[in-house]
Amino acid sequence: MAYKPPLLPYVDFRSSEPPALPIRQADDPGGPEYVTKAEIVAEGERGLVLRGTTQTGENMRIAVNVMAPGIVRVLLEEENPDPQRITLAHPPSGDEPFAVSLERSEGRVTLVSDLVRVRIDLEPFQITFYGPDGRALLEQSSADRYAATGRLAVLPFGFSRVAGQRIAFHDTFNAEPDEHFYGFGEKFTGFDKRGQRVEMWHYNALGVHTERAYKNVPFFVSTRGYGIFVDSVTAINFDLAVSNHATFSLIVPDTALDYYVIVGPDPKSIIARYASLVAFPILPPKWAFGLWVSSGFQRDTADAVLERARQLREQGIPCDVLHLDSYWQRDDSWSGLDWDEELFPDPESLIRQVKALGFKVSLWMNPYLMIGSKRFAEARQKGYLLKTPQGETFVGRLWGSESRVPVGIIDMTNPEAVAWLKGLLRRLLRIGVDVFKTDFGEGIPVGVVAHNGMTGERLHNLYPLLYNDLVSEVTAEETGRAGLVWARSSYAGGQRHAAQWAGDPKATYQAMASTLRGGLSIGMCGHAFWSHDIGGFFGQPTPDLYVRWAQFGLFSPLSRAHGVTTRLPWDYGEEVLRIFRDYTRIRYRLLPYIYTYACIAAETSLPLLRAMVLEFPDDPNTYTMDLQYIFGAELMVAPVYNSDGRRPVYFPAGRWVDFWTHEVIEGPQTRWVEVPLDVLPLYVRGNALIPTIEPPDYPTDAPFDLVTFDGYLFDHGSFALHDTDGITRVSAWLEDSRLNIQLDGVKQRLRFRLIPLRGAPSVDTVHVNGLALSRVDMLEIGPGAAAGWKGNEDGTIWVMIESEGREP
């Protein structure tokens, strides 16, 4: 249960809070039962089954298996396992061969593979994990006791009973003094979770300033070179060196303890191996990476939608998606998925006109039905809603506001209800809707009962996956492309739905910073396509906050302007409009770069918005850094989170180039920077090659036309451009006064721009694929233009490349 601070006014989360685990009192003689010894009962090709015995003499089944290279599963359960237990992990599908051998010694057995060794001490029982270099990475904590009282100071590998009933399993591990923990979903607290208690239980968090979260993921990465995924949909609790500063523990109120220890040479490898267990992201279409502009959570009309569309085009702001929020439906009938006929009399005509201007259409929805709507009556009559234990339709206030009408909840475990909801969505997709914003889904009460017999306690964390699976599936069926959704709630494996956004922050600088922390945390869980509300959701941002949030938002994986009041840039004055337009055009110019890292994310689950520690895991200065990030792998972004325009920026080892001034900065060092409102602190890694295009009003899924690589070269750089026509690899290096460019791949025509940098040699010859190019006074770029190069007075070198276009 989430921490409740003393003396503050009460906030009612009762409808969705998990059952509270008991706190033992001084007169309680009970305590955890834990495995003290074990014996081998079966040997498999890649693991063992053991019979564990607790200090009270109870036998338990223990299975330890190497599931894939670097992935070990540990399972503790009753000798007669629960066949109804819900698990999310599936066997990794990789073809990488690996072998596991067994080493025995007195009182000990060790599973040995190339990437991980697992030592099991049989009595006293303990599991220790080692990396390929023999270094201990993770060690179960022994049954540590307080010296004075003799009582346990930790929760060892075992379980606890209350009133004779087993209520939770648990395990505790030693926490090294310099160890840090990242992940756990979209947690808005400090990025490094050491010193925090975190709970895996979804809430309508009503903001971004507490431990409560819309998206919880029971996976984390440690700076020690491992990660842990706990495979359960229950309200798992992690105590990260809080109760005992020498250990961290996990409590799982399920019928088994089932976790995976994932070892890798770096955090990126650990995240990719975790994704192989649960899901990799789908690849969104190119248009998803453009700007999304919302009606906002306010009354809307068809005329207002068309006016927004026309203004965006007239103002020269590139934009791809117009989002219609709740008020496309009657406000007493949310979310029956029926148009408000008074405000939107001809939806098909509206969508045709919007699409003629080059926009995609997004519609808001949620899985709750207001009790006064015709869809609620229909769903209740057909048994499509979650029920109370007495068999009545559950009705509750799940909007977080007493002023909102109570709702029923669509039962995603009922196949007929799923087919019914898909049918409602198909009608909309068939008139041209492209994507749905799948709002809510976090509020399933503990006391409800589902069609398949599942209780609300077990359904609560699982529900967002079922809900978004449904919408993703029907979208894919009707559009013929990957089933993109725009989701607020999610759980382990939810990256398969592609896009999530950060819920409802206030329009404050503090909320903007917390939002960034949430994005960094969920990125460490492999949720690559994440976004947030530019300007914040609640309240009216000041013009400067709107600009600073837009700069952050336009250098995020996906970009959407949305809130309870207008987020249209022209409503904030001419200066804001100019800055917003400029940054939107920069984003569209960078679409080849963004799309490349989107393709990489679909293959690896690596986020586009990357914590500094993810890119620089060997630099301890990055271990607690959560107010700057790497966008892709070559751009470092330091959003301004105050009205002063001043903040510190850390530059890791190497050379960095100021995106605006081309100043070269040598790392490692920290600088205080002070910038005007129209400048986002943005830096390019030395030797980066950044693919760009002329910014379109909106992209298509056709291959990018005439990509220009901006080279920030000191010696050698390379980039593998991913596009819908394949991969094109570009390498460039400086050799004395010669610029060498190597092109290999599907694209036959490219441009190259060498940025003049302090410390880089001047260029007087250019070679492409080993052949010298002619220097010209005028460089043509149109169809059929000849290859050549020219130099500008400022030292910029422009190169036009024509190639035979070989397959990579």
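The values are calculated or read from the model by the stated rules, or taken from the named source; none is laboratory data. Quick caveat, the model's predicted, so the values are computed rather than measured. We place every Cβ from the backbone using ideal geometry, glycine too, and count neighbours over all the protein chains shown. Keep in mind that these areas ignore ligands, DNA and RNA; they rest on the heavy atoms of the full protein, side chains included. Shrake-Rupley method; radii C 1.70, N 1.55, O 1.52, S 1.80 Å.
Points worth noting:
- Residue within the stretch 435-445 that is part of a helix (DSSP H, G or I) and modelled with pLDDT of 95 or more present: no
- A residue that is surrounded by fewer than 14 Cβ atoms within 10 Å (Cβ to Cβ), touching a residue at least 40 places away in the same chain (Cβ under 8 Å) and in contact with a helix residue (DSSP H, G or I) (Cβ under 8 Å, 6 or more places away or on another chain) occurs somewhere in the stretch 682-697.
- Selected residue [within 23 Å of Gly795 (Cα to Cα), acidic (Asp, Glu) and either at pLDDT 95 or above or open to solvent by 60 Å² or more (accessible area, probe 1.4 Å) (or both)] from Asp725, Asp644, Asp715: Asp715
- Subset of the stretch 177-206 that is in contact with a Lys or Arg (Cβ under 6 Å, 6 or more places away or on another chain) and assigned to a loop (DSSP other than H, G, I, E, B) - its residue that is nearest to Asp82 (Cα to Cα): Tyr203
For (1) open to solvent by less than 20 Å² (accessible area, probe 1.4 Å); (2) modelled with pLDDT of 85 or more; (3) touching a His at 6+ places or on another chain (Cβ under 8 Å), each residue gets a yes or a no:
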position: Pro6; (1), (2), (3): no, yes, no
position: Val11; (1), (2), (3): no, no, no
position: Ala38; (1), (2), (3): yes, yes, no
position: Ala42; (1), (2), (3): no, yes, no
position: Thr53; (1), (2), (3): no, yes, no
position: Gly57; (1), (2), (3): no, yes, no
position: Ile71; (1), (2), (3): yes, yes, no
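- Any pair with Cβ under 9 angstrom, 6 or more apart, that starts in the stretch 242-269 at a residue that is under 15 Å from Thr172 (Cα atoms) and of a type in the set (Lys, Arg) and ends at one that is open to solvent by 10 Å² or more (accessible area, probe 1.4 Å) and in a loop (DSSP other than H, G, I, E, B): none
- Of the set (1) free of Cβ contacts under 8 Å to residues at least 60 places away in the same chain; (2) in contact with a Gly (Cβ under 8 Å, 6 or more places away or on another chain); (3) open to solvent by 10 Å² or more (accessible area, probe 1.4 Å), all apply to Phe297 but (1).
- Among the residues listed as Arg481, Arg426, Arg458, the single one being more than 21 Å from Gly493 (Cβ to Cβ) and either modelled with pLDDT under 95 or open to solvent by 20 Å² or more (accessible area, probe 1.4 Å) (or both): Arg426
- Failed criterion for Glu392 (all others in (1) surrounded by 14 or more Cβ atoms within 10 Å (Cβ to Cβ); (2) within 30 Å of Ala205 (Cβ to Cβ) hold): (1)
- Among the residues of the stretch 95-125, the ones that are under 18 Å from Val263 (Cα atoms), assigned to a strand (DSSP E or B) and open to solvent by 20 Å² or more (accessible area, probe 1.4 Å) come to 4 in all.
- Flag for Arg749 being in contact with a strand residue (DSSP E or B) (Cβ under 9 Å, 6 or more places away or on another chain), among the basic types (Lys, Arg) and within 25 Å of Tyr595 (Cα to Cα): yes
- Listed by position, the strands (runs of 3 or more DSSP E) contained in the stretch 291-379 that have at least 2 residues being within 18 Å of Ile431 (Cβ to Cβ) are 321-324, 360-365.
- When each of Phe191, Phe129 is tested for being crowded, with 20+ Cβ neighbours inside 10 Å, under 25 Å from Pro5 (Cα atoms) and modelled with pLDDT of 95 or more, the lone residue that passes is Phe191.
- Among the conditions (1) closer than 18 Å to Ile600 by Cα; (2) touching a Ser or Thr at 6+ places or on another chain (Cβ under 9 Å), Phe297 misses just one, which is (1).
- Of the residues making up the stretch 411-431, those that are among the aliphatic types (A, V, I, L, M) and in contact with a helix residue (DSSP H, G or I) (Cβ under 6 Å, 6 or more places away or on another chain) are Met412, Val418, Leu425, Leu429, Ile431.
- Residues of the stretch 260-273 include at least one that is hydrophobic (A, V, I, L, M, F, W, C) and open to solvent by 10 Å² or more (accessible area, probe 1.4 Å).
- Count of the stretch 380-424 residues which are among the charged types (D, E, K, R) and assigned to a helix (DSSP H, G or I): 4
Per-residue answers, yes or no, for (1) touching a Ser or Thr at 6+ places or on another chain (Cβ under 6 Å); (2) under 17 Å from Val637 (Cβ atoms); (3) modelled with pLDDT of 95 or more:
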{"site": "Val664", "(1), (2), (3)": "no, no, yes"}
{"site": "Val679", "(1), (2), (3)": "no, yes, yes"}
{"site": "Val684", "(1), (2), (3)": "no, yes, yes"}
{"site": "Asn687", "(1), (2), (3)": "no, no, yes"}
{"site": "Thr692", "(1), (2), (3)": "yes, yes, yes"}
{"site": "Pro695", "(1), (2), (3)": "no, no, yes"}
{"site": "Pro699", "(1), (2), (3)": "no, no, no"}
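- Residue list for the stretch 272-290, restricted to those being within 15 Å of Tyr491 (Cα to Cα) and either outside any loop (DSSP other than H, G, I, E, B) or of a type in the set (D, E, K, R) (or both): Tyr274, Ala275, Leu277, Val278
- Segments classed as helices (runs of 4 or more DSSP H), wholly inside the stretch 528-641, with at least 3 members that are free of Cβ contacts under 8 Å to residues at least 40 places away in the same chain and open to solvent by less than 30 Å² (accessible area, probe 1.4 Å): 543-554
- Boolean, Arg224 is closer than 21 Å to Leu115 by Cβ, assigned to a loop (DSSP other than H, G, I, E, B) and among the charged types (D, E, K, R): yes
- Of the strands (runs of 3 or more DSSP E) lying entirely inside the stretch 697-766, the ones with 1 or more residues being farther than 24 Å from Phe659 by Cβ and not acidic (Asp, Glu) are found at 726-735, 738-745, 749-754.
- Selection status of Asp701, over 19 Å from Ile690 (Cβ atoms), open to solvent by 50 Å² or more (accessible area, probe 1.4 Å) and in contact with a helix residue (DSSP H, G or I) (Cβ under 8 Å, 6 or more places away or on another chain): yes
- When residues of the stretch 139-176 are limited to those that are in a strand (DSSP E or B) and basic (Lys, Arg), the one modelled with the lowest pLDDT: Arg145
- Some residue of the stretch 502-520 being in contact with a helix residue (DSSP H, G or I) (Cβ under 7 Å, 6 or more places away or on another chain), farther than 21 Å from Trp201 by Cβ, touching a residue at least 24 places away in the same chain (Cβ under 8 Å) and open to solvent by 10 Å² or more (accessible area, probe 1.4 Å): yes
- Test set (1) β-branched (Val, Ile, Thr); (2) touching a residue at least 24 places away in the same chain (Cβ under 8 Å); (3) surrounded by fewer than 22 Cβ atoms within 10 Å (Cβ to Cβ) - Ile444 fails condition number: (3)
- Residue check for Glu79: more than 21 Å from Asp231 (Cα to Cα) and either among the acidic types (Asp, Glu) or part of a strand (DSSP E or B) (or both): no
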